[in-house]
């Protein structure tokens, strides 16, 4: 058994600078020689990619709605083993979760599950003495949440911080661990689905160095580290391969700036079930990797690369042919859009895609769907038998452009937190399954094994 220090970076609301401060802390503590284990609360794909650059290792998603308490704790223990410090970036505001009537899915829930203190980030722009009232409210809202202190962001001056410290000292016991002045050089670029991905614009060493230096100068990192107690880390056995002794099946995984949204756990579960993961690029590769037994296309930004995806006709034809031959193919959100007939941009430009599904997709200027999703399989699929349940998340600016001429079988019954959703989902053609829902297979680890089993069956019996 080992031990680790850990801290949860939470905000009063979205947009207060949690990601900037989390990245800065990861980079600063790493520069001090500490091994940092990064985590992200919630279903986000983009922040963990930036965490990996700052911390030097993969970041894991923790989620109190998609995943069980036991799964979250095991994931934390496994990732934190051998590290000196865990830095957990929260989601939205500290107490915001799946609904207004419970803490489910919130950063506060995860902090309590992990038994870690919270560093509260407050956007101080436009705040003076009222900052103390705001912090006092957060400190008292849930007595079970422990706080390491508060960090103010977007300060107008050093005098502004002195003013806030005086108000805090008079009205709350929350330690003020520092404050950051406004700095446009530290802002992370954004676009319609959030921050720009690490695949499109990796954070440079110079940028990370600037963030680390800012945190070193603006926060009392020694005090922060000293105030955080150690928590025990218990060894968690690795999941044994399902097909022990059998040769692995080869699953092609689309990895490039157009397809970059994957939960690391999904890939690990595939590997543990007996898959050799073979990366390929729909943007750059003229052919699929040799001897594939299945294909996995994750989400991303196909709309930003539609011209190049359309121009790579040879690869699109190869994927369509494998689909028609019955190769197991799983795709979600951006990957699903790529497997449809065409992609229509918001300006009306149309780009041909793979044509595995008899639908087009159309981009819109505003968000079309957002929220957690419970999936119940209504038929036997690559991910398990009828009746099996998984959990995931939906977030996209496109929707299906159905001309009514052809239909595919649908095998998902969807529900959100407030009940069933009347929406056709889980499209199945041949042995190709596509959906807008990003599923976390940690909600049902058997699904990864089912996908590998389908690929093995194809390899041994069905390949033409």
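The values are calculated or read from the model by the stated rules, or taken from the named source; none is laboratory data. This one's a predicted model, so the numbers in the text were calculated from it and none came from an experiment. No Cβ is skipped: glycine too gets one built from the backbone with ideal geometry, and neighbour counts run over all protein chains shown.
Among the residues of the range 289-306, those identified as touching a helix residue (DSSP H, G or I) at 6+ places or on another chain (Cβ under 6 Å) and part of a strand (DSSP E or B) are 294, 297, 299, 300.
Flag: residue 377 matches the condition of being modelled with pLDDT of 95 or more and farther than 14 Å from residue 303 by Cα. Is it the case that residue 74 is buried (at least 20 other Cβ atoms within 10 Å of the Cβ), over 18 Å from residue 219 (Cα atoms), assigned by TED's automatic domain parsing to the domain that holds residue 153 and out of contact with any strand residue (DSSP E or B) (no Cβ under 7 Å at 6 or more places or on another chain)? Answer is no for this residue.
Let's see how each residue does on (1) out of contact with any helix residue (DSSP H, G or I) (no Cβ under 8 Å at 6 or more places or on another chain); (2) assigned to a strand (DSSP E or B):
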| site | (1), (2) |
| --- | --- |
| 348 | yes, no |
| 355 | no, no |
| 367 | yes, no |
| 372 | yes, yes |
| 376 | yes, yes |
| 400 | yes, yes |
| 413 | yes, yes |
| 421 | yes, yes |
| 425 | yes, yes |
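Applying the condition of being outside any loop (DSSP other than H, G, I, E, B) and surrounded by fewer than 23 Cβ atoms within 10 Å (Cβ to Cβ) to the range 87-97 and asking which residue is farthest from the chain's Cα centre (by Cα) yields 93. Within the range 98-136, the residues that satisfy the criterion of being over 23 Å from the mean Cα position of the chain (by Cα), in a helix (DSSP H, G or I) and within 17 Å of residue 14 (Cα to Cα) are 131, 134, 135. Within the range 34-80, the set of residues being more than 11 Å from the chain's Cα centre (by Cα) and at positive phi comprises 56 only. Among residues of the range 89-100 that are in the same structural domain as residue 52 (by TED's automatic domain parsing), those with a Cβ under 6 angstrom from a residue that is at pLDDT below 95 and assigned to a strand (DSSP E or B), sequence gap 6+ or separate chain, pair up as 98/372. The single residue among 286, 276 that is touching a residue at least 12 places away in the same chain (Cβ under 8 Å), within 19 Å of residue 255 (Cβ to Cβ) and assigned to a strand (DSSP E or B) turns out to be 276. Considering the conditions (1) in contact with a helix residue (DSSP H, G or I) (Cβ under 7 Å, 6 or more places away or on another chain); (2) part of a loop (DSSP other than H, G, I, E, B); (3) over 27 Å from residue 247 (Cβ atoms), residue 309 is excluded by exactly one of them, (2).
Only one of 49, 6, 82 is in contact with a strand residue (DSSP E or B) (Cβ under 9 Å, 6 or more places away or on another chain) and at pLDDT 95 or above; which?
It is 6.
The strands (runs of 3 or more DSSP E) found entirely in the range 1-85 that carry 2 or more residues being under 23 Å from residue 123 (Cα atoms) are 2-11, 36-41.
Residue pairs whose Cβ atoms lie under 9 Å apart, separated by 6 or more positions or on different chains, with the first residue in the range 30-41 and not assigned by TED's automatic domain parsing to the domain that holds residue 7 and the second part of a helix (DSSP H, G or I) and surrounded by 17 or more Cβ atoms within 10 Å (Cβ to Cβ), do not occur.
Filtered by the rule that a residue be in contact with a strand residue (DSSP E or B) (Cβ under 9 Å, 6 or more places away or on another chain) and either at pLDDT 75 or above or buried (at least 18 other Cβ atoms within 10 Å of the Cβ) (or both), the range 225-246 gives 225, 227, 228, 229, 230, 231, 232, 233, 234, 235.
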